[in-house]
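As structure tokens, the structure follows; a few thoughts come after it.
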Amino acid sequence: MSEKIIYSKIEKYASYYKHPSYYLERKMLNALKRGIRKEAIETLNVINRMERARLADSPVRSVKNSLIASCTLFTRAAIDADVPPEDAFSHSDVHILEIEALNNLYLLKKYEYIMLEDYFQLIEKYRQEHYSPLTIKIVQHIHENITDRITLNSISALVNRSTAYISMFFKHEVGIGLMDYINLNKAEESKYFIKYTNTSIAEIAYLFSYCNPAYFSNIFKKYIGMTPSEFRMSK
């Protein structure tokens with residue numbers, strides 16, 4: 001089954017929810033952590049086309065409460081992306097004060113995108129301070145092409161360095177081997193397809209460019225600690 005068909009099926013499944021589904025939220029936050037603006041914004045657009053939960057009697061108060069919840073999610077995503085908690089919560093405090101100061105529905109809804117962009121910049125700033133341009137380029141490529149088949153040779157060609165060099169350099173700077181990083185992130189990304197959609201394990205395996213479902217299951221178990229089927233059945 002093609003990737004386009006799989007994504008179409010997943011989006012149709014998500015649209016059945018009155019409240020923005022947990023799958024869509026996790027997809028957006030995962031894109032934020034990975035630094036993929038286009039995917040995060042597109043997912044937020046899908047969420048905002050759905051009917052918002054009513055969180056207060058006043059429409060303005062309801063949207064404010066919703067945005068504060070979004071701010072909390074963005075903050076946690078930034079911390080998961082290794083931003084120091086004190087920096088992430090400092091941004092959260094500023095945004096919550098700004099949300100409370102706004103009383104126009106249009107401006108409030110627009111502010112959610114401003115918050116999202118701010119957290120993208122925060123994560124990027126932290127990475128630029130802690131990783132070399134070479135590592136940032138490799139990590140960005142992996143996250144932007146997470147469903148593709150990514151190999152040491154393809155990374156080597158991308159950055160014009162030998163496979164031995166990038167393997168040693170990446171592990172020294174990130175603390176994990178390059179192929180381990182790729183497979184770990186594929187496993188993490190696939191969790192949301194497994195848990196929150198009806199897509200079969202075989203379809204998900206092919207979506208993430210694994211040669212067969214059995215190999216995908218082995219990889220998933222290595223990094224997540226259980227098979228995809230066990231994860232789907234877990235709470």
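The values are calculated or read from the model by the stated rules, or taken from the named source; none is laboratory data. Worth saying up front: this structure is predicted, and the values here are computed from it rather than measured. Positions of Cβ are generated from backbone atoms using ideal geometry, with glycine treated the same way; all protein chains shown enter the neighbour counts. SASA here: full protein model, heavy atoms, side chains in, ligands and nucleic acids out. Shrake-Rupley method; radii C 1.70, N 1.55, O 1.52, S 1.80 Å.
Being in contact (Cβ under 8 Å) with a residue 40 or more places away in the chain, open to solvent by 50 Å² or more (accessible area, probe 1.4 Å) and part of a helix (DSSP H, G or I) is the filter here; which residues of segment 131-173 pass it?
Within segment 131-173, 140, 144, 173 meet the criteria.
Residue by residue through segment 177-235, note down the ones that are within 21 Å of residue 155 (Cα to Cα), assigned to a loop (DSSP other than H, G, I, E, B), open to solvent by 10 Å² or more (accessible area, probe 1.4 Å) and not hydroxyl-bearing (Ser, Thr, Tyr).
Passing the criteria: 177, 211.
Tell me yes or no: at least one residue of segment 196-214 is more than 24 Å from residue 84 (Cα to Cα), β-branched (Val, Ile, Thr) and within 17 Å of the chain's Cα centre (by Cα).
Among the residues of segment 196-214, at least one is more than 24 Å from residue 84 (Cα to Cα), β-branched (Val, Ile, Thr) and within 17 Å of the chain's Cα centre (by Cα), which makes the answer yes.
Filter segment 66-79 for residues that are touching a helix residue (DSSP H, G or I) at 6+ places or on another chain (Cβ under 9 Å) and open to solvent by 20 Å² or more (accessible area, probe 1.4 Å); which is farthest from residue 109 (Cα to Cα)?
For segment 66-79, the residue satisfying everything is 79.
So how many residues does segment 12-45 have that are modelled with pLDDT of 50 or more and either surrounded by 15 or more Cβ atoms within 10 Å (Cβ to Cβ) or of a type in the set (Ser, Thr, Tyr) (or both)?
Looking only at that region, the number is 21.
Could you check how many residues of segment 105-130 are more than 18 Å from residue 71 (Cα to Cα) and either exposed (fewer than 12 other Cβ atoms within 10 Å of the Cβ) or polar (S, T, N, Q) (or both)?
2
Give the residue, chosen from 122, 97, that is over 30 Å from residue 172 (Cβ atoms) and either in contact (Cβ under 8 Å) with a residue 12 or more places away in the chain or more than 20 Å from the chain's Cα centre (by Cα) (or both). I'd like the intermediate steps shown before the answer.
Numbers: 122 fails: over 30 Å from residue 172 (Cβ atoms).
Result: 97 is the single residue among 122, 97 that is over 30 Å from residue 172 (Cβ atoms) and either in contact (Cβ under 8 Å) with a residue 12 or more places away in the chain or more than 20 Å from the chain's Cα centre (by Cα) (or both).
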